Protein chains: 2
Amino acid sequence: MNIKMSDVAKAAGVSLATVGRVLHNNGYVSEDKRREIERIIKEMGYIPNRIAQGLKSSRSNIIGHLTLFNTNMQFKEISSAISAAAANSGYHVLTLTSHMGLGEEEQQINDLIGHRVDGVILTSYHSISKDLIGRLIENHIPVVMIERTYDMPMVDRIVVNDRASSLGAVRHMLEKGHRRIAFIGSKLGHQVEEDRYAGYLDALNEAGIVPHEDWVQVMPEYSIEAGRMAIDQLLRAGQPPTAIFMTSDIYACGVLQVLYERGLRVPDDLSLIGYDNTLSALLSPPITSVGLPFKEIGDHALQLLLQRMNDQAALSSTIGIDPFLMDRHTVREWKGD
Amino acid sequence: MNIKMSDVAKAAGVSLATVGRVLHNNGYVSEDKRREIERIIKEMGYIPNRIAQGLKSSRSNIIGHLTLFNTNMQFKEISSAISAAAANSGYHVLTLTSHMGLGEEEQQINDLIGHRVDGVILTSYHSISKDLIGRLIENHIPVVMIERTYDMPMVDRIVVNDRASSLGAVRHMLEKGHRRIAFIGSKLGHQVEEDRYAGYLDALNEAGIVPHEDWVQVMPEYSIEAGRMAIDQLLRAGQPPTAIFMTSDIYACGVLQVLYERGLRVPDDLSLIGYDNTLSALLSPPITSVGLPFKEIGDHALQLLLQRMNDQAALSSTIGIDPFLMDRHTVREWKGD
DNA sequence: AGCCAATGTGTTAACGTTAACATACTATTA
DNA sequence: TAATAGTATGTTAACGTTAACACATTGGCT
């Protein structure tokens, strides 16, 4: 079967301990034996059994990552960034995808505990309760939450300053002269969505504009179809908006499709800003979008995890992330009301 | 620390074996003890340590998945499908992403062996050599290759009938009356790309058309920019094509952008078919694309893996997958030459 | 010479789970 | 009545790795 340390030891005519010392580069081993053992290891293709190592050390070298199926693209990007960061630190990532509301999350938390992962990173609008996260903590598994966070002892957080960046994006429209600025977002209740909506209101407020209720389209889901319905409503309004701020690029897809069908052009007929910066570059035209620094988020998440592995009892820390405005010039100058 | 079987046994005043019998539902346990032990397990929150189980059984319940960074979207979809299929069978997936050409693949193969994964699924145009795959086989780890496959004993394969479906897609254009049909693909050498190109030629051949060399744009990468450059070239041709078949939706993004800028419309001015069906629904307009049955591919991959776990020595099997044409009406009727 | 530090090597008891084996008590049945 | 099958429970040796401990041997120092 698989070659083990004892096979190497036997082949080299030494004890397990000596092979161990060669493998870990510690203790005393005579130069010639070291070389011989190294040769044999390579020749036999010996690879340490991480399962046995894990049992001994109670560390699996695996990080668990819980995310949501079919979610906003931005979380897929964050997932990639986490994997990359983990690989750089010698960890591997076990990604579990939840389909929300099926009660599978409890199972998944148990699976992660069962596998004795060295830490867990949570993204997306998962429906994991504080209770379930508490279970991880009880088992001494560090937890980092991204975007959707709980205020719990021993749990570290990465929060994105969605409100400020939304404010910035809408301010950008105001600066170009727009006054009738619409909003397309997803069902409120998600912290992220509330923040983006709040930022939108902040900007209008700042400019002394009272948002017309027709301008605010809150959709039940992230989808192209939702985007299509939203723009359809907006175009129907008595005073249609001259610019639209959307909380996800996916809405922009639907919006652009409807505009394309009706022969309306961006930004000539309508100015647009999306959010995520995940799809915006693909579209016709590529649209201005609020971008999240995915790599930075992944790096910070891992860093928080490693930090807590070293000091389980430390106070919770929170890292704030600032999105940026990726300007692709889909907000035109607007003269008028 | 973590609760273990012996803690449960002690709390229940029984031996390890009895707790084991309750956990595995085998052997004889008196009804009252069983209930008492189950109660204690729940109360103490005991979760079996999979690492210890793995050491005993030499099975990790983890499947390794090797894929490529920044690749065609279709492989991300296949990855998701694999994870879903694995979850259904009680496995978890450890996904390793290679950046190709950095020689990190050897490390990754070793990592997978080290973790004693129960099987490995390979997707994408990875640069894993037969040698490295051989190392997995030597360690009795079943391997399934998707799309890019090797003919090796003990290695099972999933091949997509790209040639036939490309033929079908181009035939669809021919049937609508198009004669000047262009091709945008990626650098040949990838089997997948060669097949798609061959299918394109097959169709033209069938119709007795000799493809003009200006019509064939072979790009060095999958990117929007490549799509933009390709369409730019095609529009410059003396006799510009009336329809374009592309080997990836990502090219369609670039193509549509350039057409948008120039005020050309799809399919009025130009007919398009993409490939992947990953982005095509997002675009303006949504375009017809060759779709791959991702779920089916993931399910088959897992099935092959499980099959081989049961019979290591079986002959290699190959499953053929047929793509379908997702018609979004971006090929118009064409009267003329 | 006697002692100590440095060097080189081996033995063994964990880590948590599993399953083979052993033991013992009942209730049948020939 | 004694053998046997069925029920109920416990003991223990693995799985592969690690690290604490133990034991030698050498060389240099007082």
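Taking (1) open to solvent by 40 Å² or more (accessible area, probe 1.4 Å); (2) touching a helix residue (DSSP H, G or I) at 6+ places or on another chain (Cβ under 6 Å); (3) within 12 Å of DNA strand D (Cβ to nearest atom) in turn, A:GLU77 satisfies each apart from (3). Within region A:299-333, being part of a helix (DSSP H, G or I) and open to solvent by less than 70 Å² (accessible area, probe 1.4 Å) holds for A:ASP299, A:HIS300, A:ALA301, A:LEU302, A:LEU304, A:LEU305, A:LEU306, A:ARG308, A:MET309. For region A:2-11, the count of residues that are away from DNA strand D (no atom under 14 Å from the Cβ), open to solvent by 40 Å² or more (accessible area, probe 1.4 Å) and either touching a strand residue (DSSP E or B) at 6+ places or on another chain (Cβ under 8 Å) or not β-branched (Val, Ile, Thr) (or both) is zero.
Residue by residue, here is whether (1) open to solvent by 40 Å² or more (accessible area, probe 1.4 Å); (2) hydrophobic (A, V, I, L, M, F, W, C); (3) farther than 30 Å from B:ALA11 by Cβ holds:
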| position | (1), (2), (3) |
| --- | --- |
| B:SER60 | no, no, no |
| B:ILE63 | no, yes, yes |
| B:THR67 | no, no, yes |
| B:ALA84 | yes, yes, yes |
| B:ALA87 | yes, yes, yes |
| B:GLN108 | no, no, yes |
| B:VAL120 | no, yes, yes |
| B:LEU136 | no, yes, yes |
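Filter region B:26-48 down to residues that are within 11 Å of DNA strand D (Cβ to nearest atom) and within 30 Å of B:HIS92 (Cβ to Cβ) and give me whichever is nearest to the chain's Cα centre (by Cα). Filtering first and then ranking leaves B:ASN26.
This table checks each residue for (1) outside the structural domain of A:GLY64 (by TED's automatic domain parsing); (2) without any contact (Cβ under 8 Å) to a residue 60 or more places away in the chain; (3) under 21 Å from the mean Cα position of the chain (by Cα).
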{"residue": "A:ASP276", "(1), (2), (3)": "yes, no, yes"}
{"residue": "A:SER280", "(1), (2), (3)": "yes, yes, yes"}
{"residue": "A:ILE287", "(1), (2), (3)": "yes, yes, no"}
{"residue": "A:HIS300", "(1), (2), (3)": "no, no, yes"}
{"residue": "A:ASN310", "(1), (2), (3)": "no, yes, no"}
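Given the criteria at the interface with another protein chain (Cβ under 10 Å from one of its Cβ atoms) and either over 30 Å from B:ILE133 (Cα atoms) or over 21 Å from the mean Cα position of the chain (by Cα) (or both), does B:SER83 qualify? It is false that B:SER83 is at the interface with another protein chain (Cβ under 10 Å from one of its Cβ atoms) and either over 30 Å from B:ILE133 (Cα atoms) or over 21 Å from the mean Cα position of the chain (by Cα) (or both). Based on what the data block shows, is B:GLY185 part of a loop (DSSP other than H, G, I, E, B) and either of a type in the set (Asp, Glu) or out of contact with any Leu (no Cβ under 9 Å at 6 or more places or on another chain) (or both)? No; evaluated as a whole, the condition is false for this residue.
Among the residues here, B:ILE63 qualifies as touching a His at 6+ places or on another chain (Cβ under 9 Å), in the same structural domain as B:LEU302 (by TED's automatic domain parsing), more than 16 Å from DNA strand D (Cβ to nearest atom) and not small (Gly, Ala, Ser). Looking across region B:12-25, the residues that are away from DNA strand D (no atom under 11 Å from the Cβ) and either more than 14 Å from chain A (Cβ to nearest Cβ) or touching an Asp or Glu at 6+ places or on another chain (Cβ under 9 Å) (or both) come down to B:HIS24, B:ASN25. Considering every residue within region B:250-263, establish whether at least one is surrounded by fewer than 23 Cβ atoms within 10 Å (Cβ to Cβ), within 11 Å of chain A (Cβ to nearest Cβ) and without any contact (Cβ under 8 Å) to a residue 12 or more places away in the chain. Yes: region B:250-263 contains one or more residues that are surrounded by fewer than 23 Cβ atoms within 10 Å (Cβ to Cβ), within 11 Å of chain A (Cβ to nearest Cβ) and without any contact (Cβ under 8 Å) to a residue 12 or more places away in the chain.
Annotation note: Cβ proximity below 7 Å between a residue of region B:12-28 that is over 15 Å from B:GLN53 (Cα atoms) and a residue that is open to solvent by 80 Å² or more (accessible area, probe 1.4 Å) and within 7 Å of DNA strand D (Cβ to nearest atom) (sequence gap 6+ or interchain) occurs for B:VAL14/B:LYS33; B:THR18/B:LYS33; B:GLY27/B:ARG21.
Taking the condition closer than 24 Å to A:ILE250 by Cβ, in contact with a helix residue (DSSP H, G or I) (Cβ under 7 Å, 6 or more places away or on another chain) and within 10 Å of chain B (Cβ to nearest Cβ), does A:LEU96 pass? Answer is yes for this residue. One residue stands out in region B:180-205 among those that are open to solvent by 40 Å² or more (accessible area, probe 1.4 Å) and modelled with pLDDT of 95 or more: the one that is nearest to the chain's Cα centre (by Cα), namely B:TYR197. For A:GLY168, the criteria (1) open to solvent by 10 Å² or more (accessible area, probe 1.4 Å); (2) under 26 Å from B:HIS65 (Cα atoms) hold in every case but one, which is (2). Among the residues here, A:THR67 does not qualify as in contact (Cβ under 8 Å) with a residue 60 or more places away in the chain and of a type in the set (Val, Ile, Thr). Of all the listed residues (B:GLU225, B:GLU213, B:GLU221), the sole one being under 26 Å from B:GLY238 (Cα atoms), surrounded by fewer than 16 Cβ atoms within 10 Å (Cβ to Cβ) and in contact with a Gly (Cβ under 8 Å, 6 or more places away or on another chain) is B:GLU225. In region A:12-44, how many residues are open to solvent by less than 40 Å² (accessible area, probe 1.4 Å) and more than 12 Å from DNA strand C (Cβ to nearest atom)? Count: 2. Of all residues in region A:46-58 being within 7 Å of chain B (Cβ to nearest Cβ) and part of a loop (DSSP other than H, G, I, E, B), which is least open to solvent (accessible area, probe 1.4 Å)? Looking at residues that are within 7 Å of chain B (Cβ to nearest Cβ) and part of a loop (DSSP other than H, G, I, E, B), I get A:ILE47.
Among the residues making up region A:265-278, those that are surrounded by fewer than 23 Cβ atoms within 10 Å (Cβ to Cβ) and within 11 Å of chain B (Cβ to nearest Cβ) are A:ARG265, A:THR278.
The values are calculated or read from the model by the stated rules, or taken from the named source; none is laboratory data. Remember, predicted model here, so these are calculated numbers, not experimental data. When we count neighbours, we look across all protein chains shown, and the Cβ atoms used for this are built from the backbone with ideal geometry, even at glycine. To get the accessible areas, we keep the full protein, side chains included, count just its heavy atoms, and leave off ligands, DNA and RNA. Shrake-Rupley method; radii C 1.70, N 1.55, O 1.52, S 1.80 Å.
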